[in-house]
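One structure is given below, encoded as structure tokens.
All of the numbers you see were taken from the coordinates with simple rules; none came from a lab. Remember, it's a predicted structure, so these values are computed and weren't measured experimentally. Neighbour counts run over all protein chains shown; Cβ positions are idealised from the backbone, glycine included.
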Amino acid sequence: MQQELNDFMDEQKIAIEQELHYRLTNLDIPERLKDSMLYSVEAGGKRLRPVLLLAAHRAYSHGSDAPFGPAIALEMVHTYSLIHDDLPAMDNDDVRRGQSTNHKKYDEATAILAGDALLTYSFEMIAGDPGLTDNQKASITTSFTQASGPKGMVAGQILDMKAEDREITLDELEHIHILKTGALLRFAVSTGAYLGGADSGQIRHLDTFAYYLGLIFQVQDDILDVTGEAEKLGKPVGSDAVNDKNTYPKILGLDGAIRKKFDYVKQAKEALNQAGAKSTYLSMLTDYFSTRDY
């Protein structure tokens with residue numbers, strides 16, 4: 001099963017990266033802006049969000065074409081968020097995925113504009129996708145705006161910043177990550193399933209699944225900041241503690257964080273079973289999210 005998942009992820013990752021490169025290199029825009037966008041988009045990463053979207057589509061589709069437009073748009077928004085997160089006004093990070101952050105490679109203004117460009121171009125990807133009907137474009141655009149904007153990822157980011165330098169509860173921490181990390185993951189799952197033909201009941205259970213998947217992703221991220229290897233992570237280990245960030249290990253202790261992760265895994269798989277997608281790549285990805293080492 002692990003090899004089957006690896007093959008699927010590698011296949012989708014190659015296709016996603018080819019599409020990203022093609023879409024960005026063919027843009028008729030100022031070269032410095034294009035270079036900055038490509039620098040972060042092609043910095044590496046596992047492409048988990050678009051892979052998750054394509055896996056959800058595969059779980060319900062019957063040979064229909066993979067929805068690469070929304071998948072590419074999703075990766076662009078994720079990359080924009082990383083560029084902005086790394087800025088001095090936010091996390092003030094110098095290294096991302098083993099290389100200089102965008103504002104260190106170029107400058108702060110260029111990094112901000114590269115992020116802005118990726119965000120806005122992502123919506124063009126959906127609006128101009130010839131494989132989507134007008135109704136699908138409208139539905140996906142609304143969901144995408146909610147996931148990436150002030151009701152989703154952006155809200156989570158500002159709540160995360162507000163929580164710095166003060167103690168928060170586990171409920172508050174979960175709420176932050178449901179928005180900051182989980183919103184795009186929920187979009188990935190629901191959009192892939194919707195385009196694959198899942199019905200409203202299945203999508204409702206999948207939203208619960210993705211809710212817990214987002215928490216699994218974040219708790220494992222926090223655990224890796226304690227137990228991981230800097231070379232694999234592409235960033236320094238222990239930065240959360242140095243910056244006094246609120247994390248699962250800080251609130252629950254390392255053992256408590258690990259126990260909470262497995263509780264999330266159990267609830268995610270129960271929801272996946274109810275959605276009729278137990279024996280799919282989504283189930284394999286749940287295990288991958290909870291055991292990844294970078």
**Q.** the range 1-73 - charge dipole about Cα centre, Lys and Arg +1 at Cβ, Asp and Glu -1, debye rounded to 20
**A.** 260
Q | Per-residue ³J(HN,Hα) for the range 280-294, Karplus 6.51 cos²θ - 1.76 cosθ + 1.60, θ = phi - 60°, Hz, x for Gly and Pro | A | 9, 4, 4, 5, 4, 5, 4, 5, 5, 4, 7, 10, 4, 10, 7
Q: Determine the relative contact order of the range 76-129: mean sequence separation of Cα pairs under 8 Å and six or more apart, normalised by residue count, in whole percent.
A: 41
Q. How much length is gained if the chain between Ser64 and Asn6 is pulled fully straight, taking 0.36 nm per residue apart and subtracting their Cα-Cα distance, in nm to one decimal?
A. 18.7 nm
**Q.** Cleavage-rule hits, trypsin sites (Lys or Arg not before Pro), the range 238-294, DSSP coil, Cβ neighbours within 10 Å at most 13
**A.** Lys278
Q | Relative contact order (%) - the range 130-278, alpha-carbon pairs under 8 angstrom, separation at least six | A | 25
Q: Could you give the spread of the C-alpha atoms of the range 122-206 along their three principal axes, from largest to smallest, in whole angstroms?
A: 48, 29, 12
Q | Protection proxy ranking, peptides 161-167, 92-98, 188-194, 203-209, average beta carbon neighbours within 10 Å, highest first | A | 188-194, 203-209, 92-98, 161-167
Q | Rg/Rh ratio calculated on Cα atoms of the range 168-211 (Kirkwood radius) | A | 1.10
**Q.** Relative contact order (percent, whole number), the chain, Cα cutoff 8 Å, 6+ residue spacing
**A.** 21
**Q.** Estimated vicinal HN-Hα couplings, Hz - the range 176-183 in sequence order (Karplus 6.51, -1.76, 1.60; Gly, Pro = x)
**A.** 4, 7, 4, 8, 5, 9, x, 4
Q: Report the semi-axes of the equivalent ellipsoid for the range 134-264 in whole Å, largest first, where each axis is √(5λ) for an eigenvalue λ of the Cα gyration tensor.
A: 30, 16, 14
(Q) Rounded to the nearest 20 debye, what is the charge dipole size of the chain about its Cα centre when +1 sits on each Lys and Arg Cβ and -1 on each Asp and Glu Cβ? (A) 600
Q: Would you please classify the overall shape of the range 54-130 from the alpha carbon gyration tensor, given that a ≥ b ≥ c denote the square roots of the eigenvalues, rounded means a/c under 1.5, and beyond that prolate means a/b larger than b/c while oblate covers the rest?
A: prolate
Q: Using only C-alpha atoms and all pairs of different ones, pull out the Kirkwood radius for the chain in Å with one decimal.
A: 19.4
Q. What pairs from Lys13/Lys46; Lys13/Lys104; Lys13/Lys137; Lys245/Lys269; Lys34/Lys104 go past 18 Å between their alpha carbons?
A. Lys13/Lys104; Lys13/Lys137; Lys245/Lys269
